[in-house]
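Contents: one structure, followed by commentary.
The values are calculated or read from the model by the stated rules, or taken from the named source; none is laboratory data. Not measured: the values here are computed from a predicted model. Neighbour counts run over all protein chains shown; Cβ positions are idealised from the backbone, glycine included. These area figures cover heavy atoms from the full protein model, side chains too; ligands, DNA and RNA do not enter into them. Shrake-Rupley method; radii C 1.70, N 1.55, O 1.52, S 1.80 Å.
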Amino acid sequence: MILEELTDKRIAVLLSGGVDSSVVVYEFARLGLHPDCFYIRIGPEEQSQSVDGNTAHAEDSWEWDCSSEEDIEMAGAVATKYGCNLKVVDCHKEYWDEVARYTINKVRAGYTPNPDVMCNRLIKFGAFDEKMGHNYDLIATGHYAQTEIIDGKKWLTTSPDPVKDQTDFLAQIYDWQLKKALFPIGHYMKDEVREIAEREHLVNAKRKDSQGICFLGKINYNDYIRRYLGEQPGDVIELETGKRIGEHKGLWFHTIGQRKGLGFGGGPWFVVRKDIEKNILYVAHGYDPSAAYRQEFQLHDFHSLNGELPPEKITFKIRHTPDYLPATLTAIGDGCYEVHAENKIHGVAPGQFCVVYDDIHHRCYGSGEIA
């Protein structure tokens, strides 16, 4: 960050209570800046929640392990340390109306959604900014990502830490959101951020990183889905032989490429296909079944971060991993592409986001949903 570029800007910092966003506040403080800090509350206020007509009831003994009060305490301590104000912004309704509904609808249809991707687009850079009246010039977060001006356009670019890089979670934000986005720790490795936090004696320096979907805490994802969609038993069929090997409790509890948690003997078994109409789960047997791999797949509704369309030679991700996979991209229609991967890919699931980068995995062009 360059002080001269920030001095006249109205800056909002989104604090989560974790170490990454806390070091963001330190980065501003060492420049003599004291931005406004905000904690976004997205967890449910009560145990009974309705999502698209489906309700989880308090009498179901749902016990939310919501750590928001501890998060707010941590965030407040960091803000106070650096002379900043902290305000709690309630985006609970917006999260459940938008992100939770998106998740349930996709899962019900047999797809593999990513709630955290949509949280960035709809909540952190969306609902929050709207609640603030769009009055902030920059919204800073603790994401491991960077931005660069290249040929007059702002680009989302990757972090030097391939394990922590979070550009894949940001690849659906709008262009106007990208213009406001600021990632002050994006040039660091995770170990460096920890070292800064410990050196500065931040209260959460040794706090573990959050895992899983942010609002669920320690609640099991399948339990969450079961509350809204229930169970819908159906046959599990071995793809190669057509033999019935068992019963599933609902297609929405499984995703393409899944191996763990299937509970069938004589494994390993991999989920390779879902037949939504017939409610059949198809699996393949063995440690490396060919049916679990694909080399070509289609994307639809490709979302460009800044209006630039991707080139023919690309790298891509279909899940949050350190690996960028080489491929060629062919346009087949408005916002639709066919990906020709250099090698066969395991676990390509409809509904996943395929995030597209240049051939040196530096600039992120955006993402599309796997068809």
Along the charge dipole of segment 200-303, Cβ charges K/R +1 and D/E -1, which of 281, 256, 220 sits furthest on the positive end? 220
If I ignore ligands, DNA and RNA and count only protein heavy atoms, how much of residue 147 is accessible to a 1.4 Å probe, in Å² to the nearest 10? 50 Å²
Top of 73, 231, 277 by mean-square fluctuation, Gaussian network on the chain, Cα under 10 Å: 277
Simple spin-label model, 7 Å along Cα-to-Cβ: residue 278 to residue 332 in nm? 2.3 nm
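Share of the chain's accessible area from carbon and sulfur, percent, 1.4 Å? Spell out each step's value before the answer.
Details: 8000 of 17380 Å².
For the chain, the apolar C and S fraction of the accessible surface comes to 46 percent.
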With a 10 Å cut-off between alpha carbons and a GNM built on the chain, which of 162, 326, 115 moves the most? 162
Return the sequence-ordered ³J(HN,Hα) values of segment 287-294 in whole Hz as given by the Karplus equation 6.51 cos²θ - 1.76 cosθ + 1.60 applied to θ = phi - 60°, using x for Gly and Pro. 7, 9, x, 5, 5, 7, 10, 9
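Relative contact order, percent, of the chain when contacts are C-alpha pairs under 8 Å separated by at least 6 residues? Show your work: numbers first, answer last.
Working: 766 pairs, mean separation 60.6, N = 371.
Normalised by residue count, the contact order of the chain is 16 percent.
Per residue, how much accessible area does the chain show when a 1.4 Å probe rolls over the protein heavy atoms, in square angstrom? Present the calculation step by step, with values, prior to reporting the outcome.
Numbers: 17380 Å² over 371 residues.
In whole numbers, the chain has 47 Å² accessible per residue.
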Percent antiparallel among DSSP beta bridges confined to the chain, rounded to 5, stands at 75 percent
Quick one: helix 19-29 against the long Cα principal axis of the chain, what's the angle to the nearest 10°, folded into 0 to 90? 30 degrees
Taking the Cα centre as origin and putting +1 on Lys and Arg beta-carbons and -1 on Asp and Glu beta-carbons, what dipole magnitude results for the chain, to the nearest 20 debye? 460 debye
Which order do you get for 313, 190, 9 if you rank them by accessible area with a 1.4 Å probe, largest at the top? 313, 9, 190
Length-normalised contact order of segment 178-311, Cα under 8 Å, at least 6 apart, in percent, tallies to 16 percent
Rg/Rh for segment 103-152 to two decimals, with Rh computed the Kirkwood way over all alpha-carbon pairs. 1.11
Considering the chain as a Gaussian network with a 10 Å cut-off on Cα pairs, which listed residue, 163, 19, 193, attains the greatest mean-square fluctuation? 163
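What's the FRET efficiency of residue 312 with residue 10 using the Cβ-Cβ distance as r and R₀ = 41 Å, to the nearest 0.05? Before the final figure, lay out each step's value.
Details: r = 41 Å, r/R0 = 0.99.
Calculated value: 0.50.
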Two-decimal ratio, the chain, of alpha-carbon radius of gyration to 2.2 N^0.38 Å: 1.04
